[in-house]
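So the structure is just underneath, and the comments pick up after that.
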Amino acid sequence: MEKSYYVYLLTNKPYGALYCGMTVDLARRVYEHQQNLIDGFTKRYNIKQLVYYEVYPSHDEAFYRERQLKNWKRDWKKQLIEKDNRDWKDLSGALQ
């Protein structure tokens, strides 16, 4: 069974603060953010809504993509989100 790696974007509201992260268990990680179990930026700014994610077969690919997105301009991230999630809906309900 192969592992999947996820790069994800969270927000506190549509067009609000954005957070980019990487994980091997997206459902667990989003839950941790939603329950304020992780100290730092997401807890401080109440960032809990999953608005975008990508799946990668290797840690290196996901890590590279996370670094890439963290260096992107905010407008580029907004366009990426709106390409598949125009209304900035919380996608966490679809996770298992």
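Observations
- Estimated D of the chain in µm² per second, where Rh is the Kirkwood radius over Cα pairs and Stokes-Einstein applies at 37 °C, 0.692 mPa s: 244 µm²/s
- Each Cα pair under 8 Å and six or more residues apart adds its sequence gap; the mean of these over the residue count of the chain is a relative contact order of 35 percent.
- Choice from LEU18, LEU26, LEU80 showing the highest fluctuation, given a GNM over the chain with Cα pairs closer than 10 Å: LEU80
- With the helix formula -39500 (n - 2.57) applied to DSSP H stretches of n ≥ 4, the chain reaches a computed 222 nm mean residue ellipticity of -10500 deg cm²/dmol.
- Sparse-neighbour loop sites [trypsin sites (Lys or Arg not before Pro); the range 52-96; at most 10 other C-beta within 10 Å; DSSP]: LYS73, ARG86
- Positive-end residue of VAL7, GLY93, GLN34, charge dipole of the chain with Cβ unit charges: GLN34
- Surface/4 estimate of mean projected area, convex hull on alpha-carbon atoms of the range 1-44, nm²: 3.4 nm²
- In this structure ASP90 has an accessible area near 70 Å², from a 1.4 Å probe over the protein heavy atoms.
- Surface analysis of the chain yields an accessible area of 64 Å² per residue, using protein heavy atoms and a 1.4 Å probe.
- Put a plus charge on the Cβ of each Lys and Arg, a minus charge on the Cβ of each Asp and Glu, and nothing anywhere else: the dipole of the chain about its Cα centre is then about 420 debye.
- Between ASN36, ASN71, ASN46, the residue with the greatest mean-square fluctuation in the GNM of the chain (Cα pairs under 10 Å linked by springs) is ASN71.
- For the chain, built as a Gaussian network whose Cα springs stay under 10 Å, the top-fluctuating residue of ILE81, ILE38, ILE47: ILE38
The values are calculated or read from the model by the stated rules, or taken from the named source; none is laboratory data. On a predicted model such as this, the values are computed, not experimentally measured, just so you know. FYI the Cβ positions are ideal-geometry reconstructions off the backbone, even for glycines, and counts take in every protein chain you see. Protein only, heavy atoms only, side chains kept; ligands, DNA and RNA dropped before computing areas. Shrake-Rupley method; radii C 1.70, N 1.55, O 1.52, S 1.80 Å.
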